[in-house]
Amino acid sequence: MFKSTNPVLSRMDNSDIQMLNSVPMTVNGTIGKTFALILIALVAAAAMVYEAMMGYTDKMMMVMGIALVAALISGLAACFLPKFTKFLAPVYAFAEGALLGGISIFLEVKFPGIAIQAISGTFIAFLVMLFLYRVKAIRATEKFRATIMTALFTIMIIYLVDLVGSFFHFSIPFVSGNGVMAIVFSAIVVLIASLSLILDFDFIEKGAQNLLPKDFEWYGAFGLTVTLVWLYIEILRLVALLRGDE
């Protein structure tokens, strides 16, 4: 069975997936479902923009709190229950759209135009990685996969330590700070998130080649959406750090 560096998609790596006598998943089908999830997220984000324009700041904070919980629950559930991803993925997309929309709006107040910059950066990174993957400039080899996986878990551990430390008035300077090291670290994380797309593309392509059931198009789309959300958040943070003196 093939592997993916995406923590979501990797849930299928060692599972006993049976190749059913039904219509198999396709790359185009997965792409279509990915666009559907992104559209759902954009609708939720647009709703948050409307709330901001109406001046409902308190309501926005409440919605963001609910969205965070909904995103965590639906995301984790989709990881462990891939057969239900077609129901959980839209919930995750809507919740993340509302959450990221709220975060982006608050950052827009301090850094006008930052949302457009982050969206553009995410889109460019996606296209560049897709191009490099299609021309085979970067191959999803075992060594490449292991390197990205190691980097991914290292980043997760660093963020977790910083999060736990915040409850004890401790923070990692290059994670919570805004100096040069913080910018360098943020740029490295953006690079790792971008390279993770390569393995997501590879996973989806091999899933189609191995004739996984049609429902796994939702699983592949969900995994790719998770990576894009992570990439957007990291680019948003990097841009904010670069514009910190404004």
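No lab work stands behind these numbers, since they all come straight from the coordinates. Because the structure is a prediction, the values reported are computed rather than measured. So basically every Cβ, Gly included, is an ideal-geometry build from the backbone, and we count neighbours across all protein chains shown.
Some observations on this one:
- With respect to the chain, whose longest principal axis is taken over its alpha-carbon atoms, helix 114-134 is tilted by about 20°.
- Local electrostatic count at Ile105 - Lys and Arg +1, Asp and Glu -1, tallied over other residues with Cβ under 15 Å: -2
- Links that overshoot a 18 Å alpha carbon limit, given the list Lys33/Lys214; Lys136/Lys214; Lys33/Lys83; Lys86/Lys214; Lys143/Lys214: Lys136/Lys214; Lys143/Lys214
- Inter-label distance, Asn28 to Val135: 2.5 nm, where each label sits 7 Å from its Cα along the C-beta direction.
- Taking the charge dipole of the chain about its Cα centre, with +1 at Lys and Arg Cβ atoms and -1 at Asp and Glu Cβ atoms, the residue from Ala70, Leu228, Val43 reaching farthest to the positive side is Leu228.
- The stretch 23-242 - convex hull of the alpha-carbon atoms, volume per residue in Å³: 132
- Using a Förster distance of 30 Å, the FRET efficiency for Val180-Ile119 (Cβ separation, nearest 0.05): 0.70
- At full extension, Leu42 and Phe80 could sit 11.1 nm farther apart than now, given 0.36 nm per residue minus the alpha carbon distance.
- Helix axis angle, 57-80 relative to the chain longest principal axis, alpha carbon, degrees: 20
- Contour minus Cα-Cα distance for Val49 and Val161 (0.36 nm per residue): 37.0 nm
- Take the Cα radius of gyration of the stretch 111-191 and divide it by 2.2 N^0.38 Å, N being the number of residues; the result is 1.37.
- Segments 82-88, 168-174 sorted - mean Cβ within 10 Å per residue, highest first: 82-88, 168-174
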